[in-house]
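Below you'll find the structure, written out as structure tokens, and then a few comments.
The values are calculated or read from the model by the stated rules, or taken from the named source; none is laboratory data. Nothing here was measured: the structure is a model prediction, and the numbers come from that model. Quick reminder, even Gly has a Cβ in these numbers, built from the backbone with ideal geometry, and neighbours come from all protein chains shown. The area values use the complete protein model at the heavy-atom level, side chains included, leaving out ligands, DNA and RNA. Shrake-Rupley method; radii C 1.70, N 1.55, O 1.52, S 1.80 Å.
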Amino acid sequence: MHLPKFKEYLAIECHYSNHTVVAYMTDLKEFQEFLIEKDLCSVQKKDIKNFLAKMLSANLSERSINRKLSAIRSFYNFLLITNTITASPVQGIKSLKFYKKAQIPYSKQEMSNVLDENVYPETFSGIRDRAIIEMLYMTGIRKSELIDLKPADINLGKKEIKVLGKGNKERIIPINDRLVQSLKVYNEAVASQGVKQVATYFFSPRHKRLNPKFVYNMVNSYLSMVTEKQKKSPHMIRHTFASHLLQNGAEINSVKEILGHANLSATQIYTHQDIEQLKKVFNMAHPRESK
């Protein structure tokens, strides 16, 4: 009963993206299943702690557990706002502490290798896949943002794309001549398919919106051909985009705007990663380390 209203609240009042709304609702339904027959409005603090304990015993990461807790906390805050409950059972339950592992970005050579035209089949899907990976690397957009791109969002004449990011915030990202050329090739491939009208810029062979899991698996597959790094995902290409910009002297506030970060601290992680990589290289190369 309360979940549909909460979903509407997230989308309309909080202006959360569809991706975030779906994630929150999935987490809440999982919590509801854990409770078995117990009503969500009669939940006690111990129920939430038991749910978190179950997640920990299942070896779920601290980040994933905290996301689920965030969904639960938001739900009970909503029930407080609507006067459905008088006290939140989440009050006093703190998020789990965790330490981010430095993710080493792909090298410029690895990205050059994965964008080599010879890696891709000479088919519509091959042309599309290369355009997707180049778009991710040349703009740093999120996977969900790429999937939601519409034909009208791409302006090759002005060399820019319009992206609708988190919180329905719109931003303009400049693109270079290389990406413009790749997108022109993709547009020609689309025209050769006889496609009249599609809702999204990138689409499946059946002219449907791309599935997030498909995009992840596709990117992972191509990256597996060129790198042995454990993490192979669209998000790691975003990491790489930001790291390469900063390494080449880009101003951090400009990178923040391009990535669509709400605050500078989210962008500064990439400068920290560069420092960690520098430490690693220093420790391997310093003459004192070999003695």
Discussion item. Please pick out the residue among THR86, THR82 that is within 25 Å of PRO4 (Cβ to Cβ) and open to solvent by 90 Å² or more (accessible area, probe 1.4 Å).
Written reply: THR86
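For (1) open to solvent by less than 80 Å² (accessible area, probe 1.4 Å); (2) among the hydrophobic types (A, V, I, L, M, F, W, C), each residue gets a yes or a no:
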residue: LYS5; (1), (2): no, no
residue: ALA11; (1), (2): yes, yes
residue: ASN18; (1), (2): no, no
residue: ALA23; (1), (2): yes, yes
residue: THR26; (1), (2): yes, no
residue: VAL43; (1), (2): yes, yes
residue: PHE51; (1), (2): yes, yes
residue: LEU60; (1), (2): yes, yes
Fill in: Enumeration of residues in the range 166-200 that are out of contact with any strand residue (DSSP E or B) (no Cβ under 6 Å at 6 or more places or on another chain), open to solvent by less than 30 Å² (accessible area, probe 1.4 Å) and not aliphatic (A, V, I, L, M)
SER182, TYR186
Worksheet, complete the sentence: The number of residues in the range 201-227 that are surrounded by fewer than 17 Cβ atoms within 10 Å (Cβ to Cβ) and farther than 16 Å from LEU115 by Cα is 12
Discussion item. Can you report the number of residues in the range 171-210 which are assigned to a loop (DSSP other than H, G, I, E, B) and free of Cβ contacts under 8 Å to residues at least 24 places away in the same chain?
Written reply: 8
Worksheet, complete the sentence: Checked against (1) in a loop (DSSP other than H, G, I, E, B); (2) at pLDDT 90 or above; (3) over 24 Å from the mean Cα position of the chain (by Cα), TYR106 satisfies every condition except (3)
Worksheet item: How about the range 1-19: which of its residues are outside any helix (DSSP H, G or I) and under 12 Å from ASN168 (Cα atoms)?
Response: CYS14, HIS15, TYR16, SER17
Worksheet item: Which residues, taken from the range 231-277, are open to solvent by 60 Å² or more (accessible area, probe 1.4 Å) and at pLDDT 85 or above?
Response: LYS231, HIS235
Response to the item:
PHE75 meets each of (1) free of Cβ contacts under 8 Å to residues at least 24 places away in the same chain; (2) within 26 Å of GLU13 (Cβ to Cβ); (3) in a helix (DSSP H, G or I) with one exception, condition (1)
Item to complete: Could you tell me which residue of the range 121-153 is least open to solvent (accessible area, probe 1.4 Å), considering only residues that are without any contact (Cβ under 8 Å) to a residue 60 or more places away in the chain and over 20 Å from the mean Cα position of the chain (by Cα)?
Response: GLY126
